[in-house]
Amino acid sequence: MKIIKTISLVLFFVMTSNLLSAQEFQVPQNITLNNDQDYKKYETNVVNAVTWLENTPVNQQSAKRKQVNGFLLQWITGAPDITIDLGEFQTGLTKDNPDLLIAYLGGWTKYAIENPSEKSNKLMGNLAGVKCVLKIYSENVGKGITKSRQLEKLLKMDESELQAYVQKEVK
């Protein structure tokens with residue numbers, strides 16, 4: 001019984017510290033992105049930026065959201081090791097909600113950073129991007145995010161249906 005309490009307490013502190021660090025994310029200032037090492041040193045910041053976007057309501061902290069989006073776009077567009085495909089499928093999902101396009105790019109990028117051996121897996125990258133879009137959409141629809149029939153349909157899918165749908169769309 002004492003072991004269960006100890007494990008529960010440790011898990012609580014780990015989860016709380018992760019949530020707090022995401023809420024307290026500070027956008028890096030005066031970044032330099034000239035070579036592979038420069039991009040590598042900001043990977044943790046990129047992951048934390050995406051997590052911050054996922055956990056912060058779209059209608060709050062708009063100035064910081066713009067900074068976070070700018071940082072992510074700057075990093076993603078120049079990252080030498082990560083290539084993201086954008087086509088009609090991806091832009092169609094986000095056409096009514098521009099914040100969701102950044103979420104898509106961020107979700108794919110976060111997946112690639114956290115799973116370096118899978119960074120070229122287009123299915124999994126797309127799936128991670130879609131999941132990030134769905135997370136932000138579902139928590140913010142009507143609060144700065146416009147309702148989307150297509151995203152509502154995707155929210156109703158289970159994991160295997162969503163993966164099959166994404167696989168069909170990205171071929």
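The values are calculated or read from the model by the stated rules, or taken from the named source; none is laboratory data. Because the structure is a prediction, the values reported are computed rather than measured. Counting neighbours? That spans all protein chains shown, and the Cβs are built from the backbone with ideal geometry, glycine included.
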I'd like to check something: does region 70-84 contain any residue that is at pLDDT 95 or above and of a type in the set (D, E, K, R)?
no
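Residue by residue, here is whether (1) buried (at least 16 other Cβ atoms within 10 Å of the Cβ); (2) within 28 Å of GLN167 (Cα to Cα) holds:
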position: VAL46; (1), (2): yes, yes
position: ALA49; (1), (2): yes, yes
position: ASN55; (1), (2): no, yes
position: VAL58; (1), (2): yes, no
position: SER62; (1), (2): no, no
position: ASN69; (1), (2): yes, yes
position: LEU93; (1), (2): yes, yes
position: ASP99; (1), (2): yes, yes
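Report, by residue number, each residue of region 45-94 that is hydroxyl-bearing (Ser, Thr, Tyr), under 25 Å from LYS168 (Cα atoms) and either part of a helix (DSSP H, G or I) or under 14 Å from the mean Cα position of the chain (by Cα) (or both). Let's see the steps before the verdict.
From region 45-94, those hydroxyl-bearing (Ser, Thr, Tyr) are 51, 56, 62, 77, 83, 91, 94; that's our starting set.
Now drop any that are not under 25 Å from LYS168 (Cα atoms), which leaves 83, 91, 94.
Across region 45-94, the qualifying residues are THR91, THR94.
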Filtering region 128-171 for residues that are touching a Phe, Trp or Tyr at 6+ places or on another chain (Cβ under 9 Å) and over 22 Å from VAL58 (Cβ atoms) leaves a count of 4
Tell me which residues, restricted to region 123-146, are modelled with pLDDT of 95 or more and charged (D, E, K, R).
LYS131, LYS135, GLU139
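Is it true that some residue in region 123-133 is under 20 Å from LYS66 (Cβ atoms) and polar (S, T, N, Q)?
No; the residues of region 123-133 include none that is under 20 Å from LYS66 (Cβ atoms) and polar (S, T, N, Q).
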Note on region 105-138: residues hydroxyl-bearing (Ser, Thr, Tyr) and surrounded by fewer than 24 Cβ atoms within 10 Å (Cβ to Cβ) are TYR111, SER117, SER120, SER138
Contact list, first residue from region 133-157 and more than 18 Å from GLN90 (Cα to Cα), second anywhere and outside any helix (DSSP H, G or I), beta-carbon distance below 7 Å, six or more apart or interchain, is ASN140/PRO57; ASN140/VAL58; VAL141/LYS147; LYS143/PRO57; LYS143/VAL58; LYS143/ASN59; GLY144/VAL58; GLY144/ASN59
